[in-house]
Amino acid sequence: MTEETITLEVTRYRPGHDREPRTESFSVPYRKDWVVLDALNHIKDRVDGSLTYRWSCRMGVCGSCGMMVNGVPKLTCSAFLRDYHPGPIRVEPLANFPVIRDLVVSLDDFMEKLRRVKPWLIRTVEKPVSEGEYRQTPAQLDDYKQFSMCINCMLCYAACPVYGLAPAFVGPAAIALAYRYNMDSRDEGYRLREPILSESVGVWECTFVGECSVVCPKGVDPAAAIQRSKVAGAKDWAMSMLMPWGGRR
Amino acid sequence: MSEARPQRPGLYYPKMPLTWWLARPGYVRFMIRELTSVFIAIFLVELLVLVHKVGQGPQAYADTAARLQSPGWMVFHVVALAFALYHTITWFKLTGVVQVVRLGDHKVPPALVVAGTFVAWGVVSLFILYWLLVRS
């Protein structure tokens with residue numbers, strides 16, 4: 001009996017050779033328990049070893065196997081072939097990012113933006129270890145918990161047309177992480193992050209398309225973080241106008 | 001929108017097609033929401049013109065109000081009303097995302113926040129209707 005197959009239309013791009021990406025079709029075994037990443041691994045192992053893509057954990061944690069699957073940003077380790085049967089399945093590099101080779105995009109821009117928003121706990125003065133841990137109530141944890149689930153997979157950037165049209169935009173994940181730390185009761189870095197968030201390419205560049213939150217594989221809502229940061233920024237500005245001697249937080 | 005980023009040699013920089021907004025249903029809904037603003041802006045200009053005409057006297061106002069009852073303007077008003085409703089409903093639905101409401105230590109569920117905006121909208125609309133139809 002012939003094994004059932006499914007076709008993957010994979011974007012190929014060889015820097016220095018190709019002027020622009022092209023599409024190459026591969027026929028792979030159709031297995032109901034295979035994900036798109038399994039199919040790509042099959043191609044690399046059995047058909048064409050030069051196919052280039054990123055992956056690591058294969059369990060939706062590392063965030064490195066994000067690609068466009070039929071035009072939608074997905075972690076390919078959790079995109080089952082059965083959901084695209086009978087195919088073909090179009091696999092492209094994440095949208096809105098420069099392509100290095102085949103399905104690998106450049107992370108430089110995102111990493112730079114991530115660094116700028118200072119996604120770590122900032123304390124004005126660290127308390128001595130002898131004074132114990134920084135305690136939080138469940139309500140304080142709830143303020144930021146969902147935003148701490150971000151795995152930096154960049155699917156939200158691939159879904160954001162604002163980032164595609166204006167690449168200087170700080171973008172959904174970086175702002176969500178800035179918000180995560182701003183909302184953390186242990187953090188005192190709001191004033192250091194605020195200039196980055198309030199610049200023209202910060203939160204105000206966002207037009208609330210909302211697709212960043214739709215595609216997030218971890219249930220994070222970057223659109224909410226951005227809009228709430230706008231509200232906080234606007235309140236901050238109003239307070240600075242009404243009470244210039246110190247109304248800002 | 002900000003300017004394009006500097007490009008590194010060897011990398012391929014994808015360009016967004018003019019039809020990008022057709023790629024996903026969410027983009028289309030967003031673009032419709034943006035488009036509604038144009039109709040609402042035109043209606044606001046019309047309202048300002050009417051206020052200006054009131055200042056010019058009853059006859060000037062009556063003439064302009066009569067012109068606004070032409071079929072073309074009626075069609076525009078129906079479309080503008082539909083777009084205003086679409087904009088309002090989609091925007092109110094987003095309030096649950098944007099505004100975190102707390103009662104003491106408890107967070108009000110987003111659905112209740114959204115419901116609150118719709119109730120407030122209904123109350124204000126009924127009051128205006130009452131004022132327009134009964135009081136005048």
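The values are calculated or read from the model by the stated rules, or taken from the named source; none is laboratory data. From a predicted model like this one, the values you see are computed outputs, not experimental measurements. Cβ placement follows ideal geometry from the backbone for every residue including glycine, while neighbour counts extend to all protein chains displayed.
Got a sec? Which of A:SER229, A:SER198 is among the polar types (S, T, N, Q) and either surrounded by fewer than 18 Cβ atoms within 10 Å (Cβ to Cβ) or touching a Gly at 6+ places or on another chain (Cβ under 7 Å) (or both)? The unique qualifying residue is A:SER198.
A quick yes/no check of all residues on (1) free of Cβ contacts under 8 Å to residues at least 60 places away in the same chain; (2) surrounded by fewer than 11 Cβ atoms within 10 Å (Cβ to Cβ); (3) not assigned by TED's automatic domain parsing to the domain that holds B:ILE32:
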{"residue": "B:VAL75", "(1), (2), (3)": "yes, yes, no"}
{"residue": "B:ALA80", "(1), (2), (3)": "yes, no, no"}
{"residue": "B:LEU94", "(1), (2), (3)": "yes, no, yes"}
{"residue": "B:LEU126", "(1), (2), (3)": "yes, yes, yes"}
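Which ones in region A:230-247 are more than 10 Å from chain B (Cβ to nearest Cβ) and either hydrophobic (A, V, I, L, M, F, W, C) or under 21 Å from the mean Cα position of the chain (by Cα) (or both)?
Filtering region A:230-247 down to residues more than 10 Å from chain B (Cβ to nearest Cβ) leaves A:232-247.
Scanning region A:230-247 gives A:ALA232, A:ALA234, A:TRP237, A:ALA238, A:MET239, A:MET241, A:LEU242, A:MET243, A:TRP245.
Being in a helix (DSSP H, G or I), touching a Cys at 6+ places or on another chain (Cβ under 6 Å) and outside the structural domain of A:GLY164 (by TED's automatic domain parsing), is that true of even one residue in region A:77-88? Within region A:77-88 (the criterion being in a helix (DSSP H, G or I), touching a Cys at 6+ places or on another chain (Cβ under 6 Å) and outside the structural domain of A:GLY164 (by TED's automatic domain parsing)), the answer is yes, since at least one residue qualifies.
Of all the listed residues (B:ILE40, B:ILE32, B:ILE89), the sole one being among the hydrophobic types (A, V, I, L, M, F, W, C), assigned to a helix (DSSP H, G or I), closer than 30 Å to A:PHE97 by Cα and out of contact with any Pro (no Cβ under 9 Å at 6 or more places or on another chain) is B:ILE32.
Table: residues versus (1) in contact (Cβ under 8 Å) with a residue 24 or more places away in the chain; (2) within 16 Å of B:VAL98 (Cα to Cα); (3) out of contact with any Asp or Glu (no Cβ under 6 Å at 6 or more places or on another chain).
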| position | (1), (2), (3) |
| --- | --- |
| A:GLU188 | yes, no, yes |
| A:VAL201 | yes, no, yes |
| A:GLU211 | yes, yes, yes |
| A:PRO222 | yes, yes, yes |
| A:GLY233 | yes, yes, yes |
| A:LEU242 | no, no, yes |
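Confirm whether A:LEU192 is outside any loop (DSSP other than H, G, I, E, B), under 19 Å from A:ASP143 (Cα atoms) and of a type in the set (A, V, I, L, M, F, W, C). Break it down into steps so the answer makes sense when it comes.
On the way: outside any loop (DSSP other than H, G, I, E, B): yes; under 19 Å from A:ASP143 (Cα atoms): no; of a type in the set (A, V, I, L, M, F, W, C): yes.
No.
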